[in-house]
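To start, the structure under review is shown below, and the notes come after it.
What follows draws every value from the coordinates through simple rules; no lab data is involved. Source: prediction; values computed, not measured. Using ideal geometry, Cβ is built from the backbone for each residue, glycine included, and neighbour counts are taken over all protein chains shown.
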Amino acid sequence: MLLEMDAITKSYGSVAANKGVSFKLRKGEVHALVGENGAGKTTLMRILYGMETPDSGMIKLNGRPVSMNSPMDAIRNGIGMVHQHFMLFSSFTVAENIVIGREPEKGVLFDRKAAAAETVKLSEQYGMPVDPWKKVGECPLGVQQRIEILKVLYQGAEVIILDEPTGVLTPLEVKELLLAIRQLADQGKSFILISHKLNEVLEVADVITVLRDGEVTGTVKASESNEEQLSRMMVGRNLVQQARAGIQIGKPVLELAGIGLKGGKAKALLDNITFSVREGEIVGIAGISGNGQSELLQVISGLCAPDSGSVKLQGKEVAGSPVHAIRSAGMAHIPEDRYQWGVSKDATVAENGLMGHTKRHQRLGILERKDIRAMVGEWVSRFGIKTGSLATKAQHLSGGNLQKLIVARELAQETPFLIAAEPTRGVDVGAMEMIHGELLRRRQEGGAILLVSSELSEVLKLSDRILVMLEGKMVGELSAEAATEEKISLLMAGGKAVV
Amino acid sequence: MFSLKNIAQSMLQPLLAIIAGLAVGAIAILIVGGSVGETYMEMWKGAFGSFYFLTNTLARATPIILIGLGVALAFRAGFFNMGSEGQLVLGALAAAVTVIYLPGPGWLRMIAGLLAGITAGGIWSAFAGWLDARFRLNLLIVTLLLNYIATLFTGYMAAYPLKDKTGSAAMAQTVMLDKAAWLPKLFQGMTLHAGFILAVAGTLLLYLFMKHTVKGYEISMLGGNPLFAGYGGVQRGKLMIASMFASGGFAGLAGAVEVLGTQYRFLDGALTSPGYAWSGIMATLLAGSNPLGTALAALLLAALQTGGMGMERNTDVPLEVSSIIQAALILFVSAKLTLSFIKRKKARSKNGSAV
């Protein structure tokens, strides 16, 4: 046995993140760790990587007890971690990023040529091609992922922890990554893969351990399992399939005409965008991230004024209006990046829930704190948000629970129009099912929803109409009936053939 | 039961810091050849030793508390207002001029003087905020530089146009204010004046404002994550000008109460040389911008200063040693000597090498 974690227990205040978790990893094995958000996957891996100290329990490497007090210890013991959010310097070259911490030297100088040579050698050895001289910022996300893995290999890792590695990748990049993992495992490297995407886990992993509420609910062989069984182990019940029921489409709620936005560069960020979202309709926008979706949402929500064109909400011209005016004209907004836009990490759950609701819960400018607690408390129980209390700081909530809080807050605005940007990014199947259900219910009630998602399956599942964005332009529109993953992928890639 | 435990825990940290600070001070005292016990005793006496010294300390804390509250408000909104000193002296001068030239009964002129102080400090501070919002000038630098303009301007006014020519002393100061417009003393023969009550009231009001009002909420969110506040519809520009005005208003009020309650005239340098503004900023930083904590920290700083003077009067230890003790204390208080470090060590020894 290469690695054993035995009876690990870790509590944050009154919340137990890990309760007597045991975990074993063999050499050359791909071991997936699945579970809902807040199930304790990340905590367990942070303990292994020396970022957290467990309250009790033991870590053994090759049968010998080891103590991990910092990531340095973990690296020294041959354990490397690739974080969900890449930790790369985007203005430095690929080689510079890979050799960081152990730079080849020529006297007192940094030997860039040797670094590049090392990088090439490494990438050939493991079959992961990269260009050592390219700036990381110019590499696509799939290549950045590869750079992260090469960096860990350069540090001499035998055990590689991958935290939600496919979250930001395109379908093609995912395929390449899974292939690379398999090849490295065949060369004797061992992987711990944290993921909530069961199909990918089943495809690449040898063994799967499921966590629920900080406890192991089972360890199964991937070849003997399936998605239904894993879902059941993760959420403790069967999932219900939701179907979109037909509904009468009403009058337009949001109308965009000829929206243009110039960036600093020569190419326009948004180019003549025209579409509308009507009552009882979910309009999905598909596209590889970075093709103008973020800018489009900022224009609609008032965070950025367009250079040309008109935005009408409920018939009222709102292009260039401030956020508060657009919100009171009838918009709610689930933002694409929850940490950047969606919350204040140092503020409490109750304070984060209050944003946008202050008008309804005040008298003469004094907050009605009891009402506010009741409101947020109701969301917490209805959405099953795992939090110590309403006074817990947002930074102590897991990503999925934070997302549920944001979704609950924005749905509760009860506006005719809702922007749902990446509503389930990094969220587990249970929470995803619930958020999808809520969005469909809002549509059923006659709400107009603009959905932006980099998950094609999500766009296909929820949308009545699908628009495809490429380089700031709308390059296609498909009805839900006509849309298939292949057709959309083709449009996303600019009409060129996709593998 | 829980609260008692919590209070004990939250007290432990500052207590440890004070002990460590005093230990460093003891070394300094030994180096200059003083007696540690005697010196600290004199310091204590100088700050709290009698009713007179206690009220003296509270009087010194008054402007520091007010300035600290203003800085805390701006910090909570995410704005580094370093312009307290300029706002303080402008508030003081405005209060003096108002009381000198405004006709009417004394109480009315006193209130008008206080309001003039708030307005002058507030406008000066909001002006810096406007420069930031309009021309993207760095607020920290602008507020620091505006201090020079304000202190030199008030110095000029006191030395030339408004100079008191009646007295024999050739000081840069205005005429003495009419006694009817003075802030009343709280106790006969003591320095403590009604400004202290304003400072205490301001502390409570700011605390309640931040906790219970919509604007207080928006200010906290703006300071916590400006993008989140903007996304939620908080109007940054307006809120910035308003919170900068209030922030400078507190400093201006501090200047006004010093003029109306202690100096009874505007005297150039009387507010800048004791470093009230910087002590106020320090108090805010020590307390992490919490209004109640800021007031307590201001009191601690004032006590260290009055205590240091007492020490200098009655021992051979120079005043500078008090500054060393003060600096050491601040360093130790601001270092987050949290118990987590100790806890981790304990956990490690309990579980052997496993973790």
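Structure above, values below:
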| read-out | value |
| --- | --- |
| Max mean-square fluctuation residue, GNM over chain B, Cα-Cα springs under 10 Å, options B:Met43, B:Met157, B:Met282 | B:Met157 |
| Hydrodynamic radius of segment A:367-438 per Kirkwood, over alpha carbon pairs, in Å | 12.8 Å |
| Convex hull of Cα atoms in segment B:194-346, direction-averaged projection (nm²) | 13.4 nm² |
| Over segment A:85-169: Rg over Rh, Cα atoms, Kirkwood Rh | 0.95 |
| Alpha-carbon Rg with Dmax, taken over chain B, Å | 22.2, 82 |
| Cα-centred dipole magnitude for the protein assembly as shown, charges only on beta-carbon of K, R (+1) and D, E (-1), debye, nearest 20 | 1460 debye |
| Furthest towards positive pole of dipole, A:Ile334, A:Leu405, A:Val376, structure part segment A:324-438, Cβ charges | A:Val376 |
| Equivalent ellipsoid, the protein assembly as shown (semi-axes from 5 times Cα gyration tensor eigenvalues, Å) | 57, 36, 25 |
| Highest-MSF residue in chain B out of B:Asn290, B:Asn314, B:Asn147 [GNM, Cα springs under 10 Å] | B:Asn314 |
| Nonlocal amide H pairs with A:Val475, under 5 Å, H built at 1.01 Å | A:Val468, A:Met469, A:Leu470 |
| Degrees between helix A:112-125 axis and first principal axis of chain A (Cα, 0 to 90, nearest 10) | 90 degrees |
| Among B:Leu16, B:Leu285, B:Leu69: highest mean-square fluctuation, GNM of chain B, C-alpha pairs under 10 Å | B:Leu16 |
| Gap separating the Cα centres of segment A:159-227 and segment B:71-97, nearest whole Å | 57 Å |
| Orientation-averaged projected area, Cα convex hull of chain A (nm²) | 25.5 nm² |
| DSSP bridge pairs, the protein assembly as shown: antiparallel proportion in percent, nearest 5 | 60 percent |
| Within segment B:1-129: Cβ-based charge dipole about Cα centre, in debye rounded to nearest 20 (Lys, Arg +1; Asp, Glu -1) | 280 debye |
| MRE, 222 nm, helices only [DSSP H, n ≥ 4, -39500 (n - 2.57), over chain A, to nearest 500] | -9500 deg cm²/dmol |
| Mean-position separation - Cα centroids, segment A:299-350 and segment A:361-412, in angstrom | 20 Å |
| Cα pair distances exceeding 34 angstrom across segment A:3-235, given as percent | 15 percent |
| Extreme residue, positive dipole direction of the protein assembly as shown, given options A:Leu390, A:Gly38, A:Val452 (C-beta unit charges) | A:Leu390 |
| Nearest-20 debye value, chain B charge dipole, Cβ charges on Lys, Arg, Asp, Glu | 1300 debye |
| DSSP-defined beta bridges in segment A:3-235 - what % are antiparallel, rounded to 5 | 55 percent |
| Of A:Lys404/A:Lys461; A:Lys19/A:Lys151; A:Lys359/B:Lys211; A:Lys10/A:Lys404; A:Lys121/A:Lys175, those spanning more than 21 Å from alpha-carbon to alpha-carbon | A:Lys19/A:Lys151; A:Lys10/A:Lys404; A:Lys121/A:Lys175 |
| Two-site label geometry, A:Ser14 and A:Ser90: point separation in nm, points 7 Å out along Cα→Cβ | 4.2 nm |
| Estimated 222 nm signal from helices in chain B, with DSSP H stretches of n ≥ 4 weighted -39500 (n - 2.57), rounded to 500 | -24500 deg cm²/dmol |
| Acute angle (nearest 10 degrees) that the helix A:399-411 long axis makes with the longest principal axis of chain A, alpha-carbon atoms | 0 degrees |
